[in-house]
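Read through the structure below, which is laid out as structure tokens, and then see the notes.
The values are calculated or read from the model by the stated rules, or taken from the named source; none is laboratory data. All of these numbers come straight from a predicted model, not from anything done at the bench. Here the Cβ is made from the backbone with ideal geometry for all residues, glycine too, and neighbour counts use every protein chain on show. For accessibility, only protein heavy atoms count, side chains too; no ligands or nucleic acids. Shrake-Rupley method; radii C 1.70, N 1.55, O 1.52, S 1.80 Å.
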Amino acid sequence: MKYILQKLGFYLIAFWAALTVNFFLPRLLPGNPVDIMLAKLAQRGPVTPEAREAVELLLGTNTEAPLIVQYWQYLGKLFTLDLGTSVAFFPASVTDIIAQTLPWTIGLIGVATVISFVLGVTLGMLAGWKRGSWLDNLIPVTTMLQSVPYFWLALILLFVLGGMWDLFPLNGGYNVYETSPGWNLEFIGSVIYYGTLPALTIVISSVGGWMLGMRNMMVSTLSDDYILTAEAKGLRPKRIMTTYAARNAVLPSVAGFAISLGFVVAGSIVTEAVFSYPGIGSALLNAVGSNDYSLMQGLFLVITLSVLGANLLVDLLYSFIDPRTRARS
């Protein structure tokens, strides 16, 4: 319990610090959303001070107030889940935009990250167990693919598989002409079909790192004394590989996996930009381009919660996987 309370206290402080940065960061950008909205209104006629005040109330911003006042207003609205109105997607609220885009990002990036982790750790375990095999010799190829810039690899696969061979669609999240969103097989099949190429790109670009890390840890673990003891007892090789070697070798990968899950939301920007995917990354790009304070703050809040939540989860999970962490605390 002491270990858990220490971790909860640390993450609460980190969450408050992230909220503070989340408030000040958009305001360091030139311009403000009120001026952008007023510029649109000015095309229809002169803008009065009353109109400016009405726009500020509508967007939930008071740009004339001191920053400290705006900060306390921001915290107060945050705890009531009032994230304001989006300028980029006006008149939709920030909460609605997040609710619409977040499932797309989690469904694509999250599932692809899990597949990449499971596949990489499994292949890395086998490569470390059978050093010098063809699978072990395959690791330099996978790490080379990881070193290629993601957007470049995505464009190559998009050109070859989507353009030349016409195996996958070039953009979008589903077929907007033949299906409509809903829990039906036709729509789900369309989502899987449209998400296959982006997910394949993520898996190819990241599986090499998991393989290399797990392989190296397996090689290091296999030289420990307790592995020799297990072999001397006559245990089956499969049991030694999975129960004794892989169980300890996977610990660093588990920590890295939790961090990767935390950055699922933040790491979706390039993917969704290349494939025109309707997720959090696309919404964030629109928010930055429109100086949409409310939407940027809402999206950064989701990213912050995902990163901190994933790290807290792995800290608690790690304490059960490796009891030595509790003893050191």
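For the chain, which span is the longest to avoid every loop-located (per DSSP) member of trypsin sites (Lys or Arg not before Pro) having at most 13 other Cβ atoms inside 10 Å? Longest gap between qualifying sites, sites excluded: 132-232. In order along the range 198-211, phi translates into HN-Hα couplings of x, 5, 4, 5, 5, 5, 4, 7, 10, 5, x, x, 5, 4 Hz, rounded to whole numbers, per the Karplus curve 6.51 cos²θ - 1.76 cosθ + 1.60 with θ = phi - 60° and x for Gly and Pro.
Per residue, the range 102-233 exposes 56 Å² of accessible surface when a 1.4 Å probe is rolled over the protein heavy atoms with every protein chain present. Counted residue by residue at 0.36 nm each, then reduced by the alpha carbon distance between them, the extension gain from TYR193 to ILE68 reaches 40.1 nm.
What shape does the range 175-233 take by its C-alpha gyration tensor, where a ≥ b ≥ c are the square roots of the eigenvalues and a/c under 1.5 counts as rounded, a/b above b/c as prolate, and the rest as oblate? Note, shape of the range 175-233 comes out prolate. When peptides 79-86, 145-152, 283-290 are ranked by their average number of other Cβ atoms within 10 Å per residue, the highest-first order is 283-290, 79-86, 145-152.
Just to be sure I follow: if Rg is taken over the C-alpha atoms of the range 81-152 and Rh is the Kirkwood radius over the same atoms, what is Rg/Rh?
On the way: Rg = 20.2 Å, Rh = 15.7 Å.
Ratio of gyration radius to Kirkwood radius for the range 81-152: 1.29.
Take the Cα of ARG27, step 7 Å toward its Cβ, do the same at PHE10, and the gap between the two points is 3.0 nm.
Could you tell me what percent of the accessible area of the chain is made up of carbon and sulfur, with a 1.4 Å probe and every protein chain present?
In the chain, the share of accessible area belonging to carbon and sulfur is 68 percent.
The HN-Hα couplings worked out from phi for the range 6-23 by the Karplus form 6.51 cos²θ - 1.76 cosθ + 1.60 (θ = phi - 60°) are 4, 5, 5, x, 4, 6, 5, 5, 5, 5, 5, 4, 5, 4, 5, 4, 4, 6 Hz, whole numbers, x standing for Gly and Pro. A straight Cα-to-Cα reach below 21 Å connects LYS130 with the lysines LYS233, LYS238, residues fewer than 8 places away in its own chain not being considered. Within the range 135-246, the proportion of C-alpha pairs whose separation exceeds 23 Å stands at 54%.
Sorting THR113, THR48 by solvent-accessible area of protein heavy atoms yields THR48, THR113, largest first, with a 1.4 Å probe.
Here TRP210 sits with roughly 40 square angstrom of accessible surface, probe radius 1.4 Å.
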